[in-house]
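A.B. asks: Can you keep this structure in mind? I'll have questions shortly.
Derivation of every value follows stated rules applied to the coordinates shown; laboratory data play no part. All figures in this text were calculated on a predicted structure; none of them were measured in a lab.
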Amino acid sequence: MAEKARVGVLISGRGSNMAALIEAARAPDCPFAVSLVLSNVPDAPGLALAREAGIATAAMSHKGMKRAEFDAWIEAQLVVAGIEWVALAGYMRLLSPGFIAGRAGRIVNIHPSLLPAHKGLDTHQRAIDASDTKAGCSVHIVTAELDDGPVLGQAEVPILPGDTADSLAERVLAEEHRLYPKVLADFVTR
Ligand code: GRF
């Protein structure tokens, strides 16, 4: 098999999607490797998971830094590690237009809604409040507009009577963990 595509994962929190990508990448026929995990939150729980899995990590707080300045640090880490593809996995910061332009078409994100519905935060509560009958998740290419780039893949779940934002989030998250590795594998080989 050709050399695996080197993916850098950006996280801010618990990192369950990152862990799903790391797990999928263990398969010999997986076309990507998670080669680096970066975070803007130095104590993000996902960083410990990545280290336990033997993945290189780096973290720096963005606090007090200009967005472009912080993203230049990210870019430098990615370049040193020879990363070509970037996967956002619960990365809770907007990326600067310059960073996105420099890696146009090679950054993907997972968002917990059926885009274009419910961009931004609180997706599950908003889906319930809108009386939607289904929810889900989307993997999309990152562009300068929030949660707006071309959708690469989606998975749907029903919204059930009595669902709370938490119960719905749990159902969607299980689909996220299935969808993201599959879409990323297709994306790096297309
Ligand atoms: C996920 O629901 C993802 O779709 C959203 O943020 C959450 C991150 O969860 N962008 P985790 O850190 O991957 O567990």
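A.B. asks: Can you give me the relative contact order of the chain as a percent, contacts being Cα pairs under 8 Å and 6 or more apart?
C.D. replies: Answer for the chain is 21 percent.
A.B. asks: Any idea what % of Cα-Cα pairs in region 3-75 are farther than 20 Å?
C.D. replies: Pairs farther apart than 20 Å: 31 percent.
A.B. asks: Same structure, new question: Would you mind calculating the gained length between Val80 and Thr189 on full extension (0.36 nm times residue separation, minus the Cα-Cα distance), in nm to one decimal?
C.D. replies: The span from Val80 to Thr189 would gain 37.0 nm if fully extended.
A.B. asks: Could you compute Rg(Cα) / (2.2 N^0.38 Å) for the chain, with N its residue count?
C.D. replies: In units of the globular-protein estimate, the chain measures up at 1.00.
A.B. asks: Of all DSSP beta bridges in region 5-188, what percent run antiparallel (nearest 5)?
C.D. replies: Taking every DSSP beta bridge with both residues in region 5-188, the antiparallel ones total about 40 percent.
A.B. asks: On a 0 to 90 degree scale, rounded to 10, what angle separates helix 16-25 from the longest Cα axis of the chain?
C.D. replies: Computed tilt is about 60 degrees.
A.B. asks: Relative to the longest principal axis of the chain, what angle (0 to 90°, nearest 10) does the C-alpha long axis of helix 165-189 take?
C.D. replies: With both axes taken from Cα atoms, the answer is about 40 degrees.
A.B. asks: Going by alpha carbons, how many degrees (0 to 90, nearest 10) lie between the helix axis of 67-80 and the longest principal axis of the chain?
C.D. replies: 60 degrees
A.B. asks: Among the lysines, which fall within straight-line cross-link reach of Lys63, defined as a Cα-Cα distance under 27 Å, with same-chain neighbours fewer than 8 residues apart omitted?
C.D. replies: Lys119
A.B. asks: What full-extension length gain, to one decimal in nm, is calculated for Gln125 and Trp73 as 0.36 nm per residue of separation minus the Cα-Cα distance?
C.D. replies: 15.3 nm
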